[in-house]
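Q: I have a structure I would like to understand better, so I am pasting it below and will then ask my questions one at a time.
The values are calculated or read from the model by the stated rules, or taken from the named source; none is laboratory data. Here the structure is a predicted model, which is why all the values come from computation and not from measurement. Note: ideal-geometry Cβ built from the backbone for every residue, glycine included; neighbour counts use all protein chains shown.
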Amino acid sequence: MNAIRARLDTVNRRIRDAAARCGRPAGAVQLLAVSKTRPPEDIRAALAAGQLRFGESYLQEALEKIRALRASQAQWHFIGRIQGNKTRAIAEHFDWVHSLCSIRHAQRLNDQRPDELPPLNLCLQINLSGEDTKAGIAPEEAFELVARLRELPRLNLCGLMTLPAPAETLEQQRLPFRRLRELRDRLATPALPLATLSMGMSGDLEAAIAEGATIVRIGTAIFGPRTKVSSR
Ligand SMILES: *Cc1c(COP(=O)(O)O)cnc(C)c1O
């Protein structure tokens, strides 16, 4: 059994165990394999092991892999920083965007989403720590953005995403995830349930699942440590 298949098994078991501990069905949590900086061969190995969802952060690199794997069943999620002049390629080649932070980018993605594709699935990225260096909008800004997004028919707002600073203990890890869930509960309406919570990475997926994560974004625990720093 190759290393990627074995690590995928381990991650899927961690997800199942974490869900079981808090009484959630295993199918309630989807695994997004974060394949940024990894070569197409690694993605092929994961595909062969049954993994279909892949997360990419760097657009140029992602487009090359999407092209190389065109014939596969892979589903592509953009999780990196969005640059305004790069929205068209995102709108044309991805199934999901987890990192939406501005109405201007939303408008462009909406206008550029090809007619033959379904609406682009989206999460709003929320910055819960208030650090200027971190991407994401402040929680109080989310209310207006959600209202504006409802007017854009080629976008499908599914929920919220966050990327907290690493924390040591399970209790410390759970805090930002709990705040994201509570913000979602305040934003949600019957017509717009915002069911998706994209939160949790290799080091804190158990904490995220305990707080209601529906998508965990896992890189290192599947593909091993990242050595190469990618160019954009
Ligand atoms: C790289 C990255 C991940 C995966 O992190 P790991 O610690 O390798 O699991 C998750 N989410 C985002 C937004 C990332 O950029």
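Q: Does any residue in region 166-189 that is more than 15 Å from Ala138 (Cα to Cα) come within less than 7 Å, Cβ to Cβ, of a residue that is part of a loop (DSSP other than H, G, I, E, B) and modelled with pLDDT of 95 or more six or more places away or on a different chain, and which pairs are these?
A: As it stands, the answer is Pro166/Gly203; Gln173/Asp204; Arg174/Glu211; Arg178/Glu211; Ala188/Leu194, since those pairs meet every condition given.
Q: Sticking with this structure for a sec: Tell me, which residue of region 27-48 that is among the hydrophobic types (A, V, I, L, M, F, W, C) and under 17 Å from the mean Cα position of the chain (by Cα) is nearest to the ligand (Cβ to nearest atom)? Before you say what the answer is, go through the steps one by one.
A: If we filter region 27-48 for residues that are among the hydrophobic types (A, V, I, L, M, F, W, C), which is where we start, we get 28-29, 31-34, 43, 45-48.
If we keep only those that are under 17 Å from the mean Cα position of the chain (by Cα) as well, we get 28-29, 31-34, 43.
Values: Ala28: 19, Val29: 15, Leu31: 11, Leu32: 8, Ala33: 9, Val34: 4, Ile43: 15 Å.
Checking each candidate, the answer is Val34.
Conditions tested, residue by residue: (1) without any contact (Cβ under 8 Å) to a residue 60 or more places away in the chain; (2) outside any loop (DSSP other than H, G, I, E, B); (3) of a type in the set (Phe, Trp, Tyr); (4) surrounded by 15 or more Cβ atoms within 10 Å (Cβ to Cβ).
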residue	(1), (2), (3), (4)
Leu47	yes, yes, no, yes
Lys65	yes, yes, no, yes
Gln73	yes, no, no, no
Trp76	yes, yes, yes, yes
Lys86	yes, yes, no, yes
Ser99	no, yes, no, yes
Gln107	yes, yes, no, yes
Asp111	yes, yes, no, no
Pro114	yes, no, no, no
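Q: Can you find, within region 116-133, the residue that is farthest from the chain's Cα centre (by Cα) among those that are in a strand (DSSP E or B) and farther than 20 Å from Arg178 by Cα? First the steps, then the outcome.
A: Going residue by residue through region 116-133, those that are in a strand (DSSP E or B) are 120-126.
Now restrict to residues that are farther than 20 Å from Arg178 by Cα: 120-122.
Values: Leu120: 13, Asn121: 11, Leu122: 9 Å.
Filtering first and then ranking leaves Leu120.
Q: Restricting to region 192-232, give me the number of residues that are assigned to a loop (DSSP other than H, G, I, E, B), modelled with pLDDT of 95 or more and of a type in the set (A, V, I, L, M).
A: Count: 5.
Q: Evaluate region 82-102: report whether one residue or more is over 17 Å from Ala62 (Cβ atoms) and in contact with a strand residue (DSSP E or B) (Cβ under 6 Å, 6 or more places away or on another chain).
A: Yes, region 82-102 contains at least one residue that is over 17 Å from Ala62 (Cβ atoms) and in contact with a strand residue (DSSP E or B) (Cβ under 6 Å, 6 or more places away or on another chain).
Q: Are any residues in region 7-26 away from the ligand (no atom under 12 Å from the Cβ) and within 17 Å of the chain's Cα centre (by Cα), and if so, which ones?
A: Asn12, Ile15 - these are the residues of region 7-26 that are away from the ligand (no atom under 12 Å from the Cβ) and within 17 Å of the chain's Cα centre (by Cα).
Here's the yes/no breakdown for (1) over 16 Å from the mean Cα position of the chain (by Cα); (2) farther than 28 Å from Arg88 by Cα; (3) within 16 Å of the ligand (Cβ to nearest atom); (4) surrounded by 14 or more Cβ atoms within 10 Å (Cβ to Cβ):
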position: Pro153; (1), (2), (3), (4): yes, no, no, no
position: Leu163; (1), (2), (3), (4): no, no, yes, yes
position: Arg174; (1), (2), (3), (4): yes, yes, no, yes
position: Glu182; (1), (2), (3), (4): yes, yes, no, no
position: Ala188; (1), (2), (3), (4): yes, yes, no, yes
position: Leu194; (1), (2), (3), (4): no, no, no, yes
position: Ser202; (1), (2), (3), (4): no, yes, yes, yes
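Q: Could you check how many residues of region 49-73 are closer than 13 Å to Ile222 by Cβ and within 13 Å of the ligand (Cβ to nearest atom)?
A: Residues that pass the stated criteria total 3.
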